[in-house]
1. Counting pairs of alpha carbon atoms under 8 Å apart in space and at least six apart in sequence, what relative contact order in percent does the stretch 94-181 give?
2. If one takes the longest principal axis of the Cα atoms in the chain, at what angle in degrees, from 0 to 90 and to the nearest 10, does the Cα axis of helix 141-157 lie?
3. Within the set LYS67/LYS102; LYS47/LYS67; LYS47/LYS89; LYS67/LYS107; LYS75/LYS107, which residue pairs have Cα atoms separated by over 18 Å?
4. Gap in Å between the Cα centre of the stretch 89-166 and the Cα centre of the stretch 12-63?
5. Quick check: residue separation of ILE4 and VAL156 times 0.36 nm, minus the Cα distance between them. What number comes out in nm?
6. Ordered by packing density, taken as the mean number of other Cβ atoms within 10 Å over each peptide's residues, highest first, how do 166-179, 53-66 rank?
7. Once every Cα of the stretch 20-66 carries one equal point scatterer and solvent is ignored, give the base-10 log of I(q)/I(0) from the Debye formula at q = 0.32 Å⁻¹, two decimals.
8. Per DSSP H run of n ≥ 4, the term is -39500 (n - 2.57); total these for the chain, divide by its residue number, and report the mean residue ellipticity at 222 nm rounded to 500 deg cm²/dmol.
Amino acid sequence: AINILGRFLINRDNNIRYVALNTLHKVVAQDAQAVQRHRNTIVDCLKDNDSSIRQRALALVYALVNKSNVQVLVKELLAYLTACDLEYKDELAGRICAVVEKLATAKEWYVHPVIPALCAAVSYDSEETVCSMVALITSTPEVQAYATHQLYAEMVANTTQPVLVQLAVWCIGEYGELLIG
């Protein structure tokens with residue numbers, strides 16, 4: 001049945017694709033591995049012209065993220081974040097930050113997707129994201145220089161994103177000497 005639903009995802013009729021995405025989302029709790037086989041097709045639905053298809057596909061992608069595919073799916077979500085409608089950017093940035101915080105496989109990798117997610121957001125404001133990033137940067141010396149350089153460069157280019165500015169100012173205050181080297 002899941003394979004049939006997967007084939008429905010490539011149908012031209014939006015109603016059929018929507019029903020397939022909706023049903024796969026309900027089934028993912030029972031058999032995530034079977035739904036994972038259709039992950040590429042589901043990710044392709046993020047590029048659909050119909051916003052309801054994109055939203056259902058996005059919900060399904062969140063349900064599919066696990067430790068083994070987090071890096072691949074976060075990369076896809078970041079690509080979608082740059083192209084998605086303005087009203088969804090903050091929610092998507094928040095979800096990317098939450099997924100990365102929950103499932104990051106390495107501390108060094110943690111910083112890579114969070115900064116671009118914050119940069120693409122419109123007015124995302126999360127004390128949890130700030131606290132998590134501060135704790136990670138403080139406890140991981142090998143990330144401090146990279147995070148400081150990245151946050152400084154992004155803050156220079158964009159001072160409208162509150163979480164980004166807060167993190168950049170904190171990093172520069174703590175590790176500003178790393179910018180000189």
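1. Working: 86 pairs, mean separation 27.0, N = 88.
The value is 31 percent.
2. For 141-157 against the chain, the angle is about 80 degrees.
3. Working: LYS67/LYS102 9 Å; LYS47/LYS67 24 Å; LYS47/LYS89 15 Å; LYS67/LYS107 13 Å; LYS75/LYS107 16 Å.
Check vs 18 Å cut-off fails for LYS47/LYS67.
4. 28 Å
5. Values: separation 152, 0.36 × 152 = 54.72 nm, distance 4.98 nm.
Fully extending the segment from ILE4 to VAL156 adds 49.7 nm.
6. The densest-packed peptide leads the list: 53-66, 166-179.
7. -1.28
8. Numbers: 11 runs with 133 residues, N = 181.
Result for the chain: -23000 deg cm²/dmol, rounded to the nearest 500.
The values are calculated or read from the model by the stated rules, or taken from the named source; none is laboratory data. Since we're looking at a predicted model, the values are computed, not measured. All Cβ positions, even for glycine, are placed from backbone atoms using ideal geometry, and neighbour counts span all protein chains on display. Surface accessibility is based on the protein's heavy atoms, side chains included, excluding ligands, DNA and RNA. Shrake-Rupley method; radii C 1.70, N 1.55, O 1.52, S 1.80 Å.
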